[in-house]
Amino acid sequence: MTIDSELEVDIIRLHHVERWGPHTIARQLNVHHSVVDRVLSQAGLPKIERATHASMIDPYLPFIIETLDKYPKPRLTAARLFHMARERGYRGSESHFRSRIAGLRPRRQPEAYLRLRTLPGEQAQVDWGHFGHIQIGRAKRPLMAFVIVLSWSRQVFLRFYLNAVGDTFAAGHVEAFSRWNGLPRTLLYDNLKSAVTERRGKAIRFNPALLSLASHYHFEPRPVAVARGNEKGRVERTISYIRTSFFAAREWTDLNDLNAQADAWCDGIAADRPCPQDSTMTVREAFELEREHLLALPDNPWPTEQRIEVRVPKTPYIRVDLNDYSVPHTYVQRTLTAMASTTMVRVLDGADEVARHARCWSRGEQIENAAHIDALVAEKRAATEHRGQNRLHHAAPSATMLLEQAASRGTPIRTLVRELMRLLDEYGGAEVEAGCQEAIERGVPHSNAVRQSLERRREARGLAPPMTIALPEDSRARDIVVRTASLADYDHINPVPDTHTTEPGEHDNEPTRD
């Protein structure tokens, strides 16, 4: 129970001035006696000296105190001590036992901290901040904020990502250094897996990727001690400041929009606040002074793409982060290299780039280059039917169940797929999905039922019928060239009389030609 400071003052005053006991104070102030007991204990009066009557726990107090002194770490729980006392004959209640144990535990001496001061350009502190999750398609991604703050000027760099892997961690450093056009000599880290892979006492094994990054930019990575968050309090407070000043009630459309707003906030509101190191100037002014002391950037930036060795299966796709990306079908059953950034996925065969796609952050999606698939279809026309089913499955998932029900009734699947593909081209995936669901509910797994549903929905919205041009599937008929023939050869069949030379009545006696 949390009480205010005025009530604490009243408890202490009544005990020392009026000489009231804990239970009397509790009754008069309408609080539980354990609250009074706790306040007096925190004021320096041991609870064991205030016992006014014998208790069932008294014979076990020496054993309990000795055990607490013998095993200070890890901390023994009251439940464990209660069972140990029960084994030795204690028959009291567990709640009373717990209340007495709370007053017997040795209290730690509060630790005093030195105020740390750094020189300009000497140090920055780095950490991740978790800002919940966002739904992208069928994937639920964590929204992670990479935060780095210069210890002297308190200049902040903030970038949001959809994961916290090592390559993203390196990308945050590179973007921060590029934005500042320099970097400090030392970077301070918490015990992140991206920074420290193993720690035993004072022996530390840094993440090899971080060591390579540090070697490239010539900074010293330095981890803080275990469970010593105060050693990087600047970045901890900055993350709390970001939550309240930037992220609270923030509206954004996508990750690019959020990061654009984060850049504007770092250069605006965050830079205009007073500098904690020297309140006579702003963070912006302090950063301009610190900029001269930053290390210069190397000529070549650190590559931030995630490198993944991928095996192309029998189908021309590689998998990167829960999604499939197409490659030319000539690379099936081969091992390629995928280079994934936050916006792009490139596929390499040695040094040659064989495919490039925009990065998809959903899951279970197929990202395709039409040229890759068309080349495979042209080589293997038998894949057309399966290709259509696969396209229907991703555009209108209910079409898969409709095809299964139609197959169980003996309906030719190839024809049904062709009809559904035509409807998909005419109406789009969302409409075909609704039409398939209605056909399944009616128990009529046929393309006509889907078409009727689509036409009824179209007429209800007052839309015109879709106009499409259907070409034959046979390439010989689709690619045929039709040349326009001359009509001059037909003139001799039915010659036109010359109206300028014929006199009236000249042909009156000639028979009429049918």
query = Which percent of the accessible heavy-atom area of the range 214-368 goes to carbon and sulfur, probe 1.4 angstrom?
reply = 50
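Can you give the extra length, in nm with one decimal, that the chain gains between ARG86 and SER362 once fully stretched, where that is 0.36 nm per residue apart less the Cα-Cα distance? All intermediate terms of the calculation are to be shown ahead of the outcome.
Numbers: separation 276, 0.36 × 276 = 99.36 nm, distance 5.60 nm.
Using 0.36 nm per residue and subtracting the Cα-Cα distance, I get 93.8 nm.
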remark   = Expected unfolding gain across ARG273-ASP257 under the 0.36 nm per residue rule, minus the alpha-carbon gap, is 3.4 nm
remark   = Treating every alpha carbon of the range 230-304 as one equal point scatterer without solvent, the Debye formula yields log10 I(q)/I(0) values at q = 0.15, 0.17, 0.28 Å⁻¹ of -0.74, -0.91, -1.21
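Based on the mean of other beta carbon atoms within 10 Å per residue, what is the order of 266-274, 299-307, most packed first?
266-274, 299-307
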inquiry  = Taking R0 as 35 Å, what FRET efficiency do you get between ALA249 and ARG179 from their Cβ-Cβ distance, rounded to the nearest 0.05?
reply    = 0.85
ask   = Put a dot 7 Å past each Cα toward the Cβ at GLU353 and HIS216; how far apart are the dots in nm?
value = 1.8
query = Taking a label point 7 Å from the Cα of ARG105 along the Cα→Cβ vector, which residues of the range 53-93 have an amide N closer than 16 Å to it?
reply = 64-83
query = With each pseudo-label sitting 7 Å past Cα toward Cβ, what's the ILE3-ASP69 distance in nm, one decimal?
reply = 3.0
Separation of the ASP374 and ARG291 label points, Cα + 7 Å toward Cβ, nm = 5.0
request  = Positive end of the charge dipole of the range 303-409 (Lys, Arg +1 and Asp, Glu -1 on Cβ, about the Cα centre): tell me which of THR330, GLN306, GLY388 has its Cα farthest that way.
outcome  = GLY388
ask   = How would you classify the range 349-421 from its alpha-carbon gyration tensor, with a ≥ b ≥ c the square roots of the eigenvalues: rounded for a/c under 1.5, else prolate if a/b is greater than b/c, otherwise oblate?
value = oblate
key: By average C-beta atoms within 10 angstrom, highest first, the peptides 83-91, 446-454   = 446-454, 83-91
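Sorted by packing (mean other beta-carbon atoms within 10 Å per residue), highest first, where do 166-172, 360-366 land?
Values: 166-172: 21.1, 360-366: 15.9.
Top to bottom by mean Cβ count within 10 Å: 166-172, 360-366.
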note = Of the listed links LYS70/LYS193; LYS73/LYS193; LYS140/LYS232, those spanning more than 32 angstrom between alpha carbons are LYS70/LYS193
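Express in nm, to one decimal, how much length is gained between ILE413 and MET401 on full extension, taking 0.36 nm for each residue of separation and deducting their alpha carbon distance.
This chain segment gains 3.1 nm when fully extended.
The values are calculated or read from the model by the stated rules, or taken from the named source; none is laboratory data. Just so you know, these numbers come straight off a predicted model, no measurement behind them. Don't worry about glycine lacking a Cβ; one is built from the backbone with ideal geometry, like all the others, and counts go over all protein chains shown. These area figures cover heavy atoms from the full protein model, side chains too; ligands, DNA and RNA do not enter into them. Shrake-Rupley method; radii C 1.70, N 1.55, O 1.52, S 1.80 Å.
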